[in-house]
Amino acid sequence: MHIIDIIDIHFNLGGGSGVLENTAYPSSHSQLPEIKIEKNLKEVKKRILRGFLDVVIACLLAEKPSWGYEIISEIHNKFHILLSPGIIYSVLYSMEKEGYIKAYEECRRRFYEITDRGREWLNQMINACRTVSAMVEEYLFREAEKYNEKVIINHLEKPLLTLKH
């Protein structure tokens, strides 16, 4: 199992259909067409991935050292979103500048590996994500109650973003 699997985003970033299952909409609105839901799902997936890209990369590098294009490939395989090299290398540069990762040359490739500081930062980020996830979940369910509607997100009471050690 890859360490990236510690991020179990209940927006189903791994692909597949339907993030919000059995979702009830306020009675004054008709249910959105499936195509609109899928479009919104794709947009949410991209936003979450981009917002947590440094964390995702740190998780990948905590598993094993890697190079840019392998990171792009791993992210694409896991999340079904293809990010440009410019986005990935920009994040890698920032992470290296912060001391979270270090780079070295091997076999004419520039490899990146996580540092001790990077592991510490990753653990702090995972804990912070847990806290924010609980807050977002509480807010969404509270908002749904205003409409007297029941919202089920991925089979009951799991948070939107669950991070496991």
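The values are calculated or read from the model by the stated rules, or taken from the named source; none is laboratory data. Every value quoted in this text rests on a predicted model; they were computed, and no experiment measured them. Positions of Cβ are backbone-derived with ideal geometry, glycine not excepted, and every protein chain shown enters the neighbour counts.
Annotations
Per-residue answers, yes or no, for (1) modelled with pLDDT of 90 or more; (2) not hydrophobic (A, V, I, L, M, F, W, C):
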{"position": "Gly99", "(1), (2)": "yes, yes"}
{"position": "Ala103", "(1), (2)": "yes, no"}
{"position": "Arg109", "(1), (2)": "yes, yes"}
{"position": "Thr115", "(1), (2)": "yes, yes"}
{"position": "Gly118", "(1), (2)": "yes, yes"}
{"position": "Lys164", "(1), (2)": "no, yes"}
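Condition check ((1) surrounded by fewer than 10 Cβ atoms within 10 Å (Cβ to Cβ); (2) at pLDDT below 60; (3) within 30 Å of Glu96 (Cβ to Cβ)) across all residues:
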| position | (1), (2), (3) |
| --- | --- |
| Leu20 | no, yes, no |
| Tyr25 | no, yes, no |
| Ser28 | yes, yes, no |
| Gln31 | no, yes, no |
| Ile37 | no, no, no |
| Leu41 | no, no, no |
| Lys46 | no, no, yes |
| Leu49 | no, no, yes |
| Val55 | no, no, yes |
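This table checks each residue for (1) touching a residue at least 12 places away in the same chain (Cβ under 8 Å); (2) among the aromatic types (Phe, Trp, Tyr).
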{"site": "Val56", "(1), (2)": "yes, no"}
{"site": "Ile81", "(1), (2)": "yes, no"}
{"site": "Glu96", "(1), (2)": "yes, no"}
{"site": "Lys102", "(1), (2)": "yes, no"}
{"site": "Glu105", "(1), (2)": "no, no"}
{"site": "Ile114", "(1), (2)": "yes, no"}
{"site": "Trp121", "(1), (2)": "yes, yes"}
{"site": "Met125", "(1), (2)": "yes, no"}
{"site": "Met135", "(1), (2)": "no, no"}
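- Applying the condition of being out of contact with any Pro (no Cβ under 7 Å at 6 or more places or on another chain) and among the small types (Gly, Ala, Ser) to the range 57-85 and asking which residue is surrounded by the most Cβ atoms within 10 Å (Cβ to Cβ) yields Ala58.
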